[in-house]
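The values are calculated or read from the model by the stated rules, or taken from the named source; none is laboratory data. This is a predicted model, so every value here is computed, not measured. Here the Cβ positions follow ideal geometry from the backbone for every residue, glycine too, while neighbour counts run over all protein chains shown. What goes into the accessible areas is simple: the full protein's heavy atoms, side chains included, and nothing from ligands, DNA or RNA. Shrake-Rupley method; radii C 1.70, N 1.55, O 1.52, S 1.80 Å.
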Amino acid sequence: MPLSELFKLAYQSLTKNRWQAFLTMLGIIIGVAGVVMILSVGAGAQSLIFNQVESMGSNLIGIMPGASDDNGPPASVMGITVTTLVNDDLKAIVEAVPEVVAATGYVQGLATLQWENQQSEVTYVGTAASYLDVEDVLLSTGRYFTEIEDDGMNNVAVLGSQVAQDIFGSQNPIGQKIKLKRDAFKIIGVFAERGGSFFSSQDEQVFIPLQTAQKKLLGISHLSMARLKVGDNADFDSIIGQTEAVLRYRHDINTAGEDDFTVRSQTQALDVLSTLTGALNFFLAAIAAIALLVGGVGIMNIMLVAVTERTAEIGLRKAVGAKKSIIIWQFLLEAILLTLIGGILGIILGALFAGLIAIIANYMGYHWEYIVSLLSILISSGVAIAVGLFFGLYPAFKAAQLDPVEALRYE
Amino acid sequence: MANKLIEITDLRKQFGSDEVITKVLHGVSFTVNEGEYMAIMGPSGSGKSTLMHIIGFLDRLTTGSYLYNGLDVTKFSDNKLASIRNSEVGFVFQQFNLLSNTTVFDNVKLPLLYSEKKNKDELVKQAIAAVDLEHRTNYISNKLSGGEKQRVAIARAIVNQPKIIFADEPTGNLDSKAGTKIMEIFEALHQEGKTIMLVTHEQDTANHAGRILSIRDGLIASDIMVEKRRLASEAVLQK
């Protein structure tokens with residue numbers, strides 16, 4: 001019996017009980033849609049984070065306070081305050097490592113921004129004057145603060161584009177005075193629009209001199225993190241080694257195992273991010289795969305019911321000459337067809353949902369890439385067919401084993 | 001001399017496992033020639049349907065021998081039996097056993113799905129014409145009357161142009177008019193040279209056959225050519 005005839009038979013059986021077939025398929029549809037959507041959203045989020053990190057330039061080295069192992073995040077990223085990294089550490093690094101062309105420390109906090117009768121909760125970021133050189137950012141108007149202003153703890157501020165738009169609208173904010181907490185700040189510049197990142201949008205932040213932020217607003221002397229910019233074609237391993245040596249010397253550390261800081265290049269940071277997001281994606285996809293498995297059990301259940309319901313038909317088919325192998329194929333193809341159609345619908349649904357999420361994310365200002373990889377389609381449809389095969393096999397064999405005489409008598 | 005199509009010798013059949021064994025046929029022997037029209041008669045539980053299932057290749061005997069066209073059927077594999085059922089025999093059942101929600105055409109075509117024959121659609125049309133149901137070709141089987149359903153079943157049984165047609169109580173669920181029509185079709189098929197084996201417990205139906213094999217308690221009670229049987233009963237009446 002040609003395969004096309006078998007497919008036709010399987011298709012006819014399914015279309016006879018459309019609702020039953022659709023409800024059976026639903027488990028597979030949800031499972032596959034879940035896998036496709038989660039993998040797509042995961043890939044989109046990953047690319048967003050990567051693009052954000054890469055947009056700052058590939059020749060950056062980050063210093064985080066607190067130790068970490070090779071693959072995990074430093075303690076400071078996990079929300080633990082570590083106060084060991086200070087401004088003088090950076091100055092020492094810039095002096096000792098000639099390949100470092102610029103460096104800045106970072107601190108940040110939340111404050112109420114006031115201007116005339118307007119109020120807004122903003123994140124303020126304290127950076128050194130060299131911030132512009134480190135992160136390759138541009139101003140749309142005005143200027144960034146100078147080293148002298150930083151050292152003098154001057155109250156000057158540079159606004160993110162969104163903050164400027166929200167507070168001042170079409171007015172020119174340069175020269176205006178805003179209040180952060182209780183201190184008045186003079187606006188000296190506005191950043192060009194930079195786009196959102198996964199965690200926060202720099203367009204919604206206010207930038208002030210590092211030492212002003214540390215001493216006046218936060219009352220601290222340590223840094224949350226620091227970034228070093230190195231020259232093109234720099235030897236990262238050597239620079240990281242030198243940086244670590246300077247920090248160990250300054251922090252009185254004798255062995256690498258006792259480090260109270262983490263120095264990583266952008267590439268290493270991306271590797272860590274990739275490991276983290278990859279693990280998260282895998283975990284979420286595994287949950288979706290459980291839905292697929294449940295869908296598979298549903299298929300087995302309905303196929304077993306079908307074998308019982310169609311006992312007389314199976315007996316008749318055997319009586320008129322259908323061999324066992326043909327009966328097996330007929331039922332197996334029905335199960336496969338169920339999962340295949342369910343899989344295709346699931347892929348379409350998953351891709352649509354992922355697209356919707358991408359549209360919403362872009363609308364919210366994130367540069368979210370819509371990625372439905374061929375791999376995710378192949379994996380989910382492959383798993384769906386495998387589920388159909390696996391869970392369809394037992395009912396198919398059960399059908400083939402039926403005694404034709406007994407089956408014919410069945411009512 | 002007519003060709004011996006079926007040769008059964010000391011056929012025994014029992015069902016069940018070691019603990020509960022039901023013996024149904026206790027040693028049945030007979031031959032069937034090609035082109036014969038034979039009725040197997042007997043009361044319920046006599047073993048006539050079991051006998052038909054065995055000689056119709058649907059079931060296997062427990063002991064004894066069964067030669068079909070000189071070939072030992074007991075040595076056939078399940079696949080070989082399926083092939084023979086497809087090419088050599090056609091079945092007509094009391095309950096019609098049609099596929100529901102399926103057209104007459106597709107029901108009749110069913111055996112051809114498992115056959116290598118060419119011009120399948122043409123064969124289906126010929127079979128439907130042979131039972132005078134051309135006007136119902138595209139009807140869904142559920143919508144037909146009992147008599148029409150049985151004619152569809154007969155068309156399905158002959159579509160593969162088999163040598164033998166097995167019919168198990170073919171008129172059992174029909175009124176007398178529809179039953180007469182069915183028996184006329186069997187008569188016509190017999191005239192065409194088909195071997196027909198009819199299982200029935202109705203004497204009137206059995207009387208259409210040229211030979212009546214009576215089964216009682218798993219054994220052959222009598223095996224009479226109808227002409228001879230008629231003469232014998234007339235002799236009894238004269239006495």
Checklist entry - Whose amide H sits under 5 Å from the amide H of residue A:176, counting only residues 5 or more places off or on another chain, with H placed in the peptide plane? => result A:187
Checklist entry - Heavy-atom accessible area of residue B:12 with all protein chains present, probe 1.4 Å, nearest 10 Å²? => result 100 Å²
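Quick one: net charge around residue A:331, please, counting Lys, Arg +1 and Asp, Glu -1 for every other residue with C-beta under 10 Å from its C-beta.
Result for the neighbourhood of residue A:331: +1.
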Checklist entry - What is the Cα centroid distance between the stretch A:11-68 and the stretch A:129-164, reported in whole angstrom? => result 38 Å
Checklist entry - Taking a threshold of 26 Å on the Cα-Cα distance, which of the pairs B:23/B:163; A:8/B:48; B:13/B:117; B:23/B:177; A:323/B:163 fall above it? => result B:23/B:163; A:8/B:48; B:13/B:117; B:23/B:177
Checklist entry - Which ³J(HN,Hα) values, rounded to whole Hz and listed in residue order, are derived for the stretch B:63-76 from phi using the Karplus coefficients 6.51, -1.76 and 1.60 in 6.51 cos²θ - 1.76 cosθ + 1.60 with θ = phi - 60°, glycine and proline given as x? => result 9, x, 10, 9, 9, 10, 6, x, 9, 6, 5, 5, 8, 6
Checklist entry - Counting Lys +1, Arg +1, Asp -1, Glu -1, what net charge surrounds residue B:71 among other residues with beta carbon under 14 Å of its beta carbon? => result +1
Checklist outcome for this item: Dimensionless Rg/Rh of chain B, both radii on Cα and Rh by Kirkwood, sits at 0.98
Checklist outcome for this item: Dividing the alpha-carbon radius of gyration of the stretch A:147-261 by 2.2 N^0.38 Å, where N counts its residues, gives 1.38
Item to check | With DNA, RNA and ligands ignored, accessible area of residue A:329 (1.4 Å probe; Å², nearest 10) | outcome: 120 Å²
Item to check | Options A:267, A:372, A:298, ranked by Cα towards positive dipole end of chain A, top entry (Cβ charges) | outcome: A:298
Item to check | Summed buried accessible area for A+B [probe radius 1.4 Å, Å², rounded to 100] | outcome: 1900 Å²
Checklist entry - So what is the diffusion coefficient of the stretch A:260-411 in µm² per second by Stokes-Einstein at 4 °C and 1.567 mPa s, using a Kirkwood Rh over Cα pairs? => result 69 µm²/s
Item to check | Exposure ranking of A:409, A:317 by accessible area [1.4 Å probe, largest first] | outcome: A:409, A:317
Checklist outcome for this item: Given backbone amide H placed at 1.01 Å from N, residues whose amide H is under 5 Å from that of residue A:139, ignoring those fewer than 5 places away on the same chain, are A:192
Item to check | Cα-Cα P(r), the protein assembly as shown, percent of pairs per 20 Å interval | outcome: 15, 29, 17, 14, 16, 8, 1, 0
Checklist entry - Top to bottom by accessible area (1.4 Å), largest first, where do A:287, B:128, A:148 land? => result A:148, A:287, B:128
Checklist entry - Going from most exposed to least, what order do A:398, B:143 have by accessible area with a 1.4 Å probe? => result B:143, A:398
Next on the checklist: For the stretch B:101-171 and the stretch A:184-262, what is the centre-to-centre distance using only Cα atoms, to the nearest Å?
Outcome noted: 86 Å
Checklist entry - Using θ = phi - 60° and the Karplus curve 6.51 cos²θ - 1.76 cosθ + 1.60, what whole-Hz ³J(HN,Hα) does each residue of the stretch B:176-191 get, with Gly and Pro shown as x? => result 5, 5, 5, x, 4, 4, 4, 5, 5, 5, 4, 4, 5, 5, 4, 4
Next on the checklist: I need the calculated FRET efficiency for the pair residue A:360 and residue A:51, taking r as the beta carbon distance and R₀ as 22 Å, to the nearest 0.05.
Outcome noted: 0.75
Item to check | CD proxy at 222 nm, helix term only [per DSSP H run n ≥ 4: -39500 (n - 2.57); per residue of the protein assembly as shown; nearest 500] | outcome: -15500 deg cm²/dmol
Item to check | Rounded accessible area per residue of the stretch B:2-223, 1.4 Å, Å² | outcome: 42 Å²
Checklist entry - Lys/Arg Cβ at +1, Asp/Glu Cβ at -1, dipole of the protein assembly as shown taken about the Cα centre: which of B:107, A:249, B:95 is farthest positive-ward? => result B:95
Item to check | ³J(HN,Hα) computed for each position of the stretch A:120-127 - Karplus, 6.51 cos²θ - 1.76 cosθ + 1.60, integer Hz, glycine/proline x | outcome: 7, 7, 10, 9, 9, 10, x, 9
Checklist outcome for this item: Any residue on another chain or 5+ positions along whose placed amide H is under 5 Å from the amide H of residue B:62 is listed here as B:12, B:13, B:14
Checklist entry - What is the calculated FRET efficiency for residue B:135 to residue A:18, with r their C-beta to C-beta distance and R₀ = 41 Å, to the nearest 0.05? => result 0.90
